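Below is one structure, written out as structure tokens; the observations come after it.
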Amino acid sequence: GHFVKGETYDLFRDYERHQIADKRDRNEKIVRKNTCVIPYSKQSSMTCVAFSADGNLLVSGSSDGFIEIWDYDQGKLLKDGHIVAYQANDELLIHGENDAVRALAFSRDSQLMASGGDGGSVKIWKVYDGVNSVTFADAHCMSITSLAFNKNGTQILTASIDKKIKIFGLKSRRILKEFDGHDAFVNQAMYVNHGVSVISCASDGCIKIWDTKTTDCIHSIERIHCMQPQLQQQQKQLQGVASGGGLTQYLTQQYGGDGGGEPEMQGKKPPATVSIKAMLCNPMTKKSREEEVYVILDHCSAIYLLQVKTGKLLRKIESAKLNKHLSTKQDEDRYFADMILSAYGQFVYVLTEPDHVLYCFDVLKNANHAKKSGKQKKKSDLLSHAIKIHDDNVTCIAHHPHRNIVATISNDRKLKIWRP
């Protein structure tokens, strides 16, 4: 490669970074074992956790505003002077004094990290140097819920419980775009379609897809739990045509009627509005033009796969085993709280509260069985594993970008590392 004039390079530190980043797991495996527990101080608690895009760093934010970087193999603070010299000198990053860190995000090259606070501020860090390069003190008037860098790391996308979504320029140090349309807390926002669009979800039950350039809302998807997957809908239309009731069947499915109705959720009728808890891009389609997003919502035991371009529901992932288990627990209000995906997208992990259980769905199970046997067998249940991961409410979960490693934090003041 070429050196940039005026830039300085630490060849030894860069070598150390690349040695770590080269560790990749070629085959995806379900994480099953807790291999490391890092206890946290009683004076504060961890509020969020994230892996860097290169996989070198595991970073946590805390309720007292401190940001710490962990050696997830050794189970202790990272103090390698070749990687993060400031922590080796017992210096820590701080978002703000007693300003709880609510969100963390990394640029694609992992050189920049963003932190979002309880008070609505956003800070950009040169994470390997420990330098706060840009601060947006009043990015939002209320707590930050999510952060995302654009593809080249020149802009930061922010979401907040103030119902706003914004884009800030790191060079201009000012707001560039604002997306306004949600009626409740915005839980997450991220770039899709190679940065051409932004997708957001909120506690108002809406998923919105925005044009990044014009800030116009392209699609507004409400009551996703009442939508019918596109493939299933097409199959029913064909069946209806074959039975002579094609037009009636089609109108019923498209606009409602006696043949449709709302699905039951954990044995109950769904509420009129559900909160969209989390979204994640499907790694299998991230580089394609037909990008897909996984969605989870509260009071529902299904995972929804949405096509970004059309706003259509492609797939609804459910487990008969999980539904049966939840139906026996109707005295307790269980809900999907968070979600992570394995590096290449074979496994979808969903956290349920208040039982602190991490469920793993193998979304390729039926396809792999058919491929091996050469025959289309009866579809098997996609739920492949379940494990209780903490003894108190889990506040955040994160999956390593290219290894079979999961990090979890909880109100029990523990950071846990999980492996196959």
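Check region 398-416 and report whether any residue there is more than 15 Å from the chain's Cα centre (by Cα), among the polar types (S, T, N, Q), buried (at least 18 other Cβ atoms within 10 Å of the Cβ) and at pLDDT 95 or above.
Yes, region 398-416 contains a residue that is more than 15 Å from the chain's Cα centre (by Cα), among the polar types (S, T, N, Q), buried (at least 18 other Cβ atoms within 10 Å of the Cβ) and at pLDDT 95 or above.
Of all residues in region 123-177, which are under 23 Å from Ser62 (Cβ atoms) and within 19 Å of the chain's Cα centre (by Cα)?
As a first pass, look at region 123-177 and keep what is under 23 Å from Ser62 (Cβ atoms): 123-149, 156, 158-162.
The answer is Ser143, Ile144, Thr145, Ser146, Leu147, Ala148, Phe149, Ile156, Thr158, Ala159, Ser160, Ile161.
Can you find a residue that is touching a Leu at 6+ places or on another chain (Cβ under 6 Å) and at pLDDT 95 or above anywhere in region 91-101?
No; the residues of region 91-101 include none that is touching a Leu at 6+ places or on another chain (Cβ under 6 Å) and at pLDDT 95 or above.
Which of the residues that make up region 81-91 are surrounded by fewer than 16 Cβ atoms within 10 Å (Cβ to Cβ) and out of contact with any Gly (no Cβ under 7 Å at 6 or more places or on another chain)?
Hits for region 81-91 are Gly81, His82, Asn89, Asp90.
Would you pick out the residues in region 343-362 that are open to solvent by 10 Å² or more (accessible area, probe 1.4 Å) and more than 12 Å from Val406 (Cβ to Cβ)?
Passing the criteria: Tyr344, Gln346, Pro354, Asp355, His356, Val357, Tyr359, Asp362.
For residues in region 264-301 being of a type in the set (Asp, Glu) and open to solvent by 70 Å² or more (accessible area, probe 1.4 Å), which is modelled with the highest pLDDT? If you could, list the steps in order and put the result at the bottom.
Here is the first cut: in region 264-301, the residues of a type in the set (Asp, Glu) are 264, 290-292, 298.
From what is left, the residues that are open to solvent by 70 Å² or more (accessible area, probe 1.4 Å) are 264, 290.
Numbers: Glu264: 44, Glu290: 84.
The extreme case among them is Glu290.
Taking into account only those residues within region 42-65 that are under 19 Å from Arg102 (Cβ atoms) and polar (S, T, N, Q), which is modelled with the lowest pLDDT?
This residue is Gln43.
Can you name the number of the only condition in (1) among the small types (Gly, Ala, Ser); (2) in contact with a Phe, Trp or Tyr (Cβ under 9 Å, 6 or more places away or on another chain); (3) within 28 Å of Gly169 (Cβ to Cβ) that Gly65 fails?
(2)
Between a residue in region 65-77 that is within 17 Å of Ser44 (Cα to Cα) and any residue that is among the polar types (S, T, N, Q) and surrounded by fewer than 15 Cβ atoms within 10 Å (Cβ to Cβ), which pairs come within a Cβ distance under 6 Å, given they are 6 or more apart or on different chains?
Listed by first residue and then by second, the contacts come to Gly65/Asn98.
Got a number for residues in region 50-71 being in a strand (DSSP E or B) and open to solvent by less than 10 Å² (accessible area, probe 1.4 Å)?
Taking region 50-71 as the starting set, the residues that turn out to be in a strand (DSSP E or B) are 50-51, 58-62, 66-71.
From what's left, open to solvent by less than 10 Å² (accessible area, probe 1.4 Å): 58-62, 67, 69.
The qualifying residues number 7.
The values are calculated or read from the model by the stated rules, or taken from the named source; none is laboratory data. Because the structure is a prediction, the values reported are computed rather than measured. Glycine gets a Cβ as well: all are built from the backbone with ideal geometry, and neighbour counts include every protein chain shown. All accessible areas refer to the heavy atoms of the entire protein, side chains included, with ligands and DNA or RNA removed. Shrake-Rupley method; radii C 1.70, N 1.55, O 1.52, S 1.80 Å.
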